[in-house]
Amino acid sequence: MESDTRLLIDDQLRLAGWEADSELLRWSNGTRPQKGKNMAIAEWKTASGPADYVLFIGLTPVAIVEAKKKN
């Protein structure tokens, strides 16, 4: 399932120094980028639909990550 894949991605992002928790750090939960933090925010709202993750260094978005099933 994609949710299982997100757990793997969360772990990998944390190991790389990002704050990542796709259940808690979500656009819909009100999570927004913060100065001085490297955050992976899940389900970030975009014009073409939600991105699985948007990575922010401080207030600047630097990458989009799409989660797919493990297989």
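The values are calculated or read from the model by the stated rules, or taken from the named source; none is laboratory data. Not measured: the values here are computed from a predicted model. Cβ coordinates were reconstructed from backbone atoms using ideal geometry, including for glycine residues, and neighbour counts include every protein chain displayed.
Which of the strands (runs of 3 or more DSSP E) found entirely inside the chain contain at least 3 residues meeting this: loosely packed, with under 14 Cβ neighbours inside 10 Å? Hits in the chain: 60-65.
Counting just the residues of the stretch 1-26 that are among the hydroxyl-bearing types (S, T, Y) and over 12 Å from the mean Cα position of the chain (by Cα), which one comes out modelled with the lowest pLDDT? Before the answer, list the steps.
Residues of the stretch 1-26 among the hydroxyl-bearing types (S, T, Y): 3, 5, 22.
Applying the additional criterion that residues be over 12 Å from the mean Cα position of the chain (by Cα) yields 3, 5.
Working: S3: 72, T5: 84.
Here the residue is S3.
I need a count of the residues in the stretch 45-63 that are at pLDDT below 95 and of a type outside the set (G, A, S).
Residues of the stretch 45-63 that are at pLDDT below 95, as a first pass: 45-52.
Within this subset, residues satisfying the condition of being of a type outside the set (G, A, S) are 45-46, 50, 52.
Count: 4.
Counting the residues of the stretch 19-71 that are within 14 Å of T5 (Cβ to Cβ) and of a type in the set (S, T, N, Q) gives 2.
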